[in-house]
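To keep things clear, I will list the structure first and then write my remarks on it.
The values are calculated or read from the model by the stated rules, or taken from the named source; none is laboratory data. Predicted model only: the values in this text are computed from it and were never measured. When we count neighbours, we look across all protein chains shown, and the Cβ atoms used for this are built from the backbone with ideal geometry, even at glycine.
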Amino acid sequence: MRKSLLASVFIAALLLTCQSALYASYGLNVIENDSIGVIYFNLGKAYNVLRDQVKNFDKTADTNTKNQVEEMLKTMPADNPLGKDLTVSKINEALEKWHNDAVFIPTGGVWISVSKDLQPKVVIEAQINVNKIAEFLKSAPNAQGTNFEPKNNVIKFDVPGMALSAEISNERIVVGNVSATPQQLGEGWQPFYKRVSSPDQHLAIELEVQSIIESVLTLNQQRSAATSEKACAANMRVMLAATEMYNMDNEKMLHELDMKALVADQYLKEAAVCPDSGTYSARGDLAENGEICCSIHNTAADLKKFDGPAKPQPKIDVVSQLPDPRLQHIVRARIFADTAGMLLAIAVKDEPTRQQFKEMLQQNLKMAEEQLSQNKGDARVETVKKMFAALSHVDRAPWLGISIKQSENEQILVGTAIVGVLAAIAIPNFQKARLEARKKACFANQRVLLGATEMYNMDNEVMLKELNIEPLLKGSYIRSAPVCPEGGVYGSSGNLAEGGKIECSIHGSVD
């Protein structure tokens, strides 16, 4: 009897240990006390549910659900990855092919955290064929020069264009410096940690709103400072070139910087001004090998912030940057979705402001319900109405939001309806946004080419009057030849030494 009892206790303990090991995840290690935002999505569960639903769709789906899915598929554009005349059977074939190829099969969560320096940490749990992933990465655009060769069945590389390391094994993808052991978390992240430790959690997002706003504004300030450095460096190159031309034309050379003489004799149109109010002077003899120097940014060849009299960065006035000053009182935001339903909430530290947001929320929900009531006969909209009927308000200071509860047999119905409605709205907007993003990227390339050409012309006697990328590359004015995202060809119009423009055969010029 005692042996049987001991055996039972041992088996129970073993089962509990296995269960806790099953729910514990390496991805939890991305959550740290200095995190300002964390996103978790149970990709493995979503993948298995989707595959099972698609495979058994004809057997398990009721008529209403079938109608909703058919309507949703009609909203998909003909150029989607699965082809035109999209059907459930086509999706099933694509999913089964993907699963059988076994290059990347999600087994757990996607975990993303961001710290105050806006550096992400990412863990994606999946069954991965490392060798096949390596072949795929080698064929990817901009992969030249990156070593994707697996060593001991692990791929390690630096993410192109980002100061982040990446590691791919047969169990997970890790991006950024993720600690091998989890931190002992304080009170701020404990509720989120408990949520995502549950196997029933589908989606969890938590944001420290004010920290994110401040970090973004600080990053923008730093970028502005970097732009000032570049502008100052361009000024110094122009002044040095103007001084060299002056010295070639005049017997009495300038040994020190003389802005008045350069402007008076039209070697400069006007006196150059540092964006950060630095003072320009000469370092060494300008008639020989001297350089122009800024009291703040040093020389063009060796830029340093505040090398002379320090000009501290002004403290960011967060409130003045907000579209609505009341947003300063939102300290945290949450989105939780599990098998029971969904929660969307914000924490507002100022009670009068929280009451104002509460009234706005109620008014907006009422307007949304009224708009839905005008759309009759759409199965997806009818299901969203059911979702509104299951909605309740979260009103526990400092939290404010909404909670949506649903029974297990309604989850597929509601989920399909929401996906259908969002797809009908989001897909055309996404395509438009993607085209606009490509256009902006092309314009950014044009600005880079124009700026590089201007710097080349300041440094060289024989100027470039037309776009010629080869000398820009050889002179290290650009690191690599910019490529239009839509395959356009870059050229120029007008004289680039005087005021010409860079043009793209698809997007035209920036102006």
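General observations
- Test for Asp285: is it under 30 Å from Val394 (Cα atoms) and modelled with pLDDT of 85 or more: no
- The set of residues in the range 475-499 that are of a type in the set (Val, Ile, Thr) and surrounded by fewer than 18 Cβ atoms within 10 Å (Cβ to Cβ) comprises Val483, Val489.
- Annotation note: Cβ proximity below 6 Å between a residue of the range 306-334 that is under 25 Å from Ile296 (Cβ atoms) and buried (at least 16 other Cβ atoms within 10 Å of the Cβ) and a residue that is polar (S, T, N, Q) and modelled with pLDDT under 90 (sequence gap 6+ or interchain) occurs for Asp307/Asn298.
- Evaluated against (1) surrounded by 13 or more Cβ atoms within 10 Å (Cβ to Cβ); (2) of a type in the set (A, V, I, L, M); (3) assigned to a loop (DSSP other than H, G, I, E, B); (4) at pLDDT below 90, Ala140 falls short on exactly one condition, (1).
- Within the range 277-305, the set of residues being among the polar types (S, T, N, Q) and surrounded by 16 or more Cβ atoms within 10 Å (Cβ to Cβ) comprises Ser295, Asn298, Thr299.
- Counted residues, the range 164-204 - those being over 11 Å from Glu32 (Cα atoms) and without any contact (Cβ under 8 Å) to a residue 40 or more places away in the chain: 6
- If the condition is being modelled with pLDDT under 90 and farther than 25 Å from Asn48 by Cβ, then the range 116-136 contributes Lys116, Asp117, Leu118, Gln119, Ala134, Glu135.
- Of all residue pairs spaced 6 or more apart or on separate chains, those with beta-carbon atoms under 6 Å, a first member in the range 446-474 that is under 21 Å from Ile506 (Cα atoms) and surrounded by 13 or more Cβ atoms within 10 Å (Cβ to Cβ) and a second member that is at pLDDT 90 or above and among the β-branched types (Val, Ile, Thr) are Gln446/Ile502; Leu449/Ile502; Leu450/Ile502.
- One residue from Ser320, Ser277, Ser281 being in a strand (DSSP E or B) and under 42 Å from the mean Cα position of the chain (by Cα): Ser281
- Among the residues making up the range 459-511, those that are assigned to a loop (DSSP other than H, G, I, E, B) and charged (D, E, K, R) are Glu461, Lys465, Glu466, Arg479, Glu486, Glu498, Asp511.
- Scanning the range 165-193 for residues that are aromatic (Phe, Trp, Tyr) and loosely packed, with under 15 Cβ neighbours inside 10 Å yields no hits at all.
- Only one of the numbered conditions (1) at pLDDT 85 or above; (2) assigned to a loop (DSSP other than H, G, I, E, B) is violated by Arg334, and that is (2).
- Looking only at residues of the range 236-252 that are over 47 Å from the mean Cα position of the chain (by Cα) and part of a helix (DSSP H, G or I), we find that the one that is surrounded by the most Cβ atoms within 10 Å (Cβ to Cβ) is Tyr246.
- Of all positions in the range 145-161, none carries a residue that is among the hydrophobic types (A, V, I, L, M, F, W, C), within 18 Å of the chain's Cα centre (by Cα) and modelled with pLDDT of 90 or more.
- Qualifying residue in the range 218-235 (condition: in a loop (DSSP other than H, G, I, E, B) and either at pLDDT 90 or above or basic (Lys, Arg) (or both)): no
- Near pairs, Cβ below 9 angstrom, 6+ apart or cross-chain, from the range 253-273 (closer than 13 Å to Leu240 by Cα and surrounded by fewer than 14 Cβ atoms within 10 Å (Cβ to Cβ)) to any residue that is modelled with pLDDT of 90 or more and among the polar types (S, T, N, Q): Glu256/Ser281
- Condition met for Val110 (among the β-branched types (Val, Ile, Thr) and either surrounded by fewer than 11 Cβ atoms within 10 Å (Cβ to Cβ) or part of a strand (DSSP E or B) (or both)): yes
- Residue count for the range 47-65 under the criterion of being closer than 21 Å to Gly109 by Cβ and surrounded by 16 or more Cβ atoms within 10 Å (Cβ to Cβ): the result is 3.
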